[in-house]
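Following: one structure in structure tokens, then a few remarks.
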Amino acid sequence: QVQLVESGGGTVQAGDSLTLSCTTSGDTFSSGTIGWFRQAPGQEREFVAAINWGGDSTYYTDSVKGRFTVSRDIAQNAVYLRMNSLELEDTAVYYCAASTRRNRIVAAEYDYWGQGTQVTVSS
């Protein structure tokens, strides 16, 4: 079992920056993919960004390219999502997820999920 805990959410103004953290614990997670997803009220959960635990590949949905950066710190067992130039449309609950397989960007292919952290962007 892998446990995931997100932190760093909050309320910010449009144009501000925020960094989310995802800390992993439990069974050793030495490969696969860590992804970030988000779900706004009344909408389906959508893929935001992902990184292979080995750090060789990153993936982003088009709406966040150039604004969000996903990274990982193996020593800290953590993955981060740096969000710049936040927009009202970025408001959602953000989830960290882990897949035992590499290069995964589909939610159904993830095996473990965190509880989520709220990000609210105001005008």
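The values are calculated or read from the model by the stated rules, or taken from the named source; none is laboratory data. Fair warning: this is a prediction, and the values are worked out from it, not measured in the lab. As a convention, Cβ positions derive from the backbone with ideal geometry for all residues, glycine included, and neighbour counts pool all protein chains shown. Surface accessibility is based on the protein's heavy atoms, side chains included, excluding ligands, DNA and RNA. Shrake-Rupley method; radii C 1.70, N 1.55, O 1.52, S 1.80 Å.
The figures follow:
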{"quantity": "Of all residues making up the range 56-75, the number that are of a type in the set (D, E, K, R), in contact (Cβ under 8 Å) with a residue 12 or more places away in the chain and over 18 Å from R101 (Cα atoms)", "calculated": "1"}
{"quantity": "Residue match in the range 12-31 (condition: under 17 Å from V106 (Cβ atoms) and out of contact with any helix residue (DSSP H, G or I) (no Cβ under 7 Å at 6 or more places or on another chain))", "calculated": "no"}
{"quantity": "Hits in the range 36-45 - residues which are out of contact with any helix residue (DSSP H, G or I) (no Cβ under 7 Å at 6 or more places or on another chain) and more than 11 Å from G114 (Cβ to Cβ)", "calculated": "R38, Q39, A40, P41, G42, Q43, E44"}
{"quantity": "Of the criteria (1) at pLDDT below 95; (2) open to solvent by 50 Å² or more (accessible area, probe 1.4 Å); (3) part of a loop (DSSP other than H, G, I, E, B), which one Q43 fails", "calculated": "(1)"}
{"quantity": "R67, sole failed condition from (1) open to solvent by less than 60 Å² (accessible area, probe 1.4 Å); (2) more than 12 Å from D90 (Cα to Cα)", "calculated": "(2)"}
{"quantity": "Scope the range 83-113; condition in contact with a strand residue (DSSP E or B) (Cβ under 9 Å, 6 or more places away or on another chain), part of a helix (DSSP H, G or I) and open to solvent by 70 Å² or more (accessible area, probe 1.4 Å); matching residues", "calculated": "L88, E89"}
{"quantity": "Of residues in the range 1-11 being β-branched (V, I, T) and under 23 Å from M83 (Cα atoms), the one most open to solvent (accessible area, probe 1.4 Å)", "calculated": "T11"}
{"quantity": "Single residue of the range 12-30 satisfying the filter (open to solvent by 60 Å² or more (accessible area, probe 1.4 Å) and in a loop (DSSP other than H, G, I, E, B)) that is modelled with the lowest pLDDT", "calculated": "T28"}
{"quantity": "Selection status of V119, open to solvent by less than 50 Å² (accessible area, probe 1.4 Å), modelled with pLDDT of 95 or more and of a type outside the set (S, T, Y)", "calculated": "yes"}
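Okay, residues lined up against (1) under 25 Å from S31 (Cβ atoms); (2) open to solvent by 70 Å² or more (accessible area, probe 1.4 Å); (3) in a strand (DSSP E or B):
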residue: S63; (1), (2), (3): no, no, no
residue: A75; (1), (2), (3): yes, yes, no
residue: L81; (1), (2), (3): yes, no, yes
residue: Q115; (1), (2), (3): yes, yes, no
